[in-house]
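Undergrad: Can you keep this structure in mind? I'll have questions shortly.
The values are calculated or read from the model by the stated rules, or taken from the named source; none is laboratory data. Just so it is clear, the structure is predicted and the values come from calculations on it, not from any experiment. Here Cβ is always computed from backbone atoms with ideal geometry, including for glycine, and neighbour counts include all displayed protein chains. Remember, those area values only see protein heavy atoms, side chains included, never the ligands or the DNA or RNA. Shrake-Rupley method; radii C 1.70, N 1.55, O 1.52, S 1.80 Å.
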Amino acid sequence: MNRISVITLTILMVSWQIVGLCPIPADQQPLIASLLRSMVSSINNQSSPNPSILIGLRLAQNHSPAKEKQLLQALKDDAVKRVENGLEFTSGQVALYVMAISACCENPAKVLKVKSIDLVKILSQKMEDEMEEMETTGYPLSNLYQVGLGGLALCQHVMIPYPIVHKLLNNPAFYEAIADSHGFEDTVAVLAMALTCIREQFTWDQKQRIDSTMKTMIKQLVNQTKSDGIIGNIYSTGLAVQALTGAKTFYKTSDWNYTQTIQKLLKEIPNGAFNNPMAASQVI
């Protein structure tokens, strides 16, 4: 069976749940269609291929197969070029490439051109480097958002040793971010999605430690929900919705009005909030 990336599994599951809980009215469907058109039209205008665009397109109900295939090939070619030429390829970037390629039901461990490039192995090494840096200095080489993306991408491809997760959960920078998420809602959301997947690899006792942290993270996201439904800001809300909907066991349904949040996002589309294709990909 082809392995679909964790972001595809997690966000697609979340998307289906949202559709079931809060279906998009027929008169608002054109709003979603406009975002998709913006994302598709951006493909030819990209100076470098954007994996987030492909992930968003793959999660949509309506597809553009030719454009998705074009973008997939561009991403694979770009990944090979970055690796072979030693160009910058951060952990977060590699994670997004892994997820985008996996979302197309292709194997990111075998990205072919002249020779095979194993993006999963590359990401695993980058995540080890991130954790070593955190253990030495207290902070990752990049940032916790990219660490979350890395965990999210690796979860369906490799077993993540619990000692690594334990070190992350006890890291001061990590604790500081989740203890006061104001301004870091997108980071907390990505970390929560990663842990939602990673926890399934461990024993009951180990899950309890993760769940304790998850409760804190989800509580922070709920507490950052404004009266109009926005969580943090308009751009972090899409990720927060995905995290909250995928972790419903960690809060009461009365704590968060998902219908209000979804409707607020829809209302902001005509106002141009998601005219940027990258922003559009976060809410699709």
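Undergrad: With respect to His157, determine if the residue is part of a loop (DSSP other than H, G, I, E, B), surrounded by fewer than 15 Cβ atoms within 10 Å (Cβ to Cβ) and under 20 Å from the mean Cα position of the chain (by Cα).
TA: no
Undergrad: Checking Glu130 against (1) of a type in the set (D, E, K, R); (2) farther than 24 Å from Val80 by Cα; (3) crowded, with 23+ Cβ neighbours inside 10 Å, which test does it fail?
TA: Condition not satisfied by Glu130: (2).
Undergrad: Have a look at Ile55, Ile32, Ile43 and point out the one that is surrounded by 14 or more Cβ atoms within 10 Å (Cβ to Cβ), assigned to a helix (DSSP H, G or I) and either within 18 Å of the chain's Cα centre (by Cα) or of a type in the set (D, E, K, R) (or both).
TA: Step by step, each of Ile55, Ile32, Ile43 is checked, and only Ile55 is surrounded by 14 or more Cβ atoms within 10 Å (Cβ to Cβ), assigned to a helix (DSSP H, G or I) and either within 18 Å of the chain's Cα centre (by Cα) or of a type in the set (D, E, K, R) (or both).
Undergrad: If you don't mind, another one. If you go through segment 166-177 one residue at a time, how many are within 13 Å of Leu144 (Cα to Cα) and either surrounded by fewer than 21 Cβ atoms within 10 Å (Cβ to Cβ) or aliphatic (A, V, I, L, M) (or both)?
TA: From segment 166-177, those within 13 Å of Leu144 (Cα to Cα) are 168-169, 171-177; that's our starting set.
When the remaining residues are screened for being either surrounded by fewer than 21 Cβ atoms within 10 Å (Cβ to Cβ) or aliphatic (A, V, I, L, M) (or both), the result is 168-169, 171-173, 175-177.
Total satisfying the criteria: 8.
Undergrad: Something else about it: Under 9 Å by Cβ, and 6 or more places apart or on different chains, what pairs join a residue from segment 70-88 that is in a helix (DSSP H, G or I) with one that is among the aromatic types (Phe, Trp, Tyr) and open to solvent by less than 80 Å² (accessible area, probe 1.4 Å)?
TA: Leu75/Tyr97; Lys76/Tyr97; Asp78/Tyr97; Ala79/Phe89; Ala79/Tyr97; Arg82/Phe89; Arg82/Tyr97; Val83/Phe89
Undergrad: Moving on. Could you look through segment 101-120, keep only residues that are touching a residue at least 60 places away in the same chain (Cβ under 8 Å) and among the small types (Gly, Ala, Ser), and pick out the one that is nearest to Lys67 (Cα to Cα)?
TA: Across segment 101-120, the extreme among qualifying residues is Ala103.
Undergrad: Testing Asn143 on (1) open to solvent by 20 Å² or more (accessible area, probe 1.4 Å); (2) more than 18 Å from Leu96 (Cα to Cα), one condition comes back false. Which one is that?
TA: (2) is the only condition that Asn143 fails.
Undergrad: Please specify each residue of segment 159-201 satisfying the condition of being among the basic types (Lys, Arg) and within 26 Å of Gln282 (Cα to Cα).
TA: Correct list: Arg199 only.
Undergrad: Still on this model: Given the residues Leu21, Leu96, Leu9, which is the only one that is crowded, with 16+ Cβ neighbours inside 10 Å, modelled with pLDDT under 95 and under 26 Å from Ile262 (Cα atoms)?
TA: One residue alone meets the criteria, Leu9.
Undergrad: So the check is Cβ under 8 Å with 6+ separation or different chains; which pairs have a first residue in segment 37-60 that's more than 15 Å from Asp78 (Cβ to Cβ) and of a type in the set (A, V, I, L, M) and a second one that's part of a loop (DSSP other than H, G, I, E, B) and open to solvent by 10 Å² or more (accessible area, probe 1.4 Å)?
TA: Met39/Ile284; Val40/Ser64; Leu57/His63; Leu57/Ser64; Leu57/Ile284; Leu59/Ile284; Ala60/Ile284
Undergrad: Something else now. Can you tell me which residue is nearest to Lys219 (Cα to Cα) among those in segment 151-209 that are of a type in the set (S, T, N, Q) and out of contact with any helix residue (DSSP H, G or I) (no Cβ under 9 Å at 6 or more places or on another chain)?
TA: Among those that are of a type in the set (S, T, N, Q) and out of contact with any helix residue (DSSP H, G or I) (no Cβ under 9 Å at 6 or more places or on another chain), it is Gln208.
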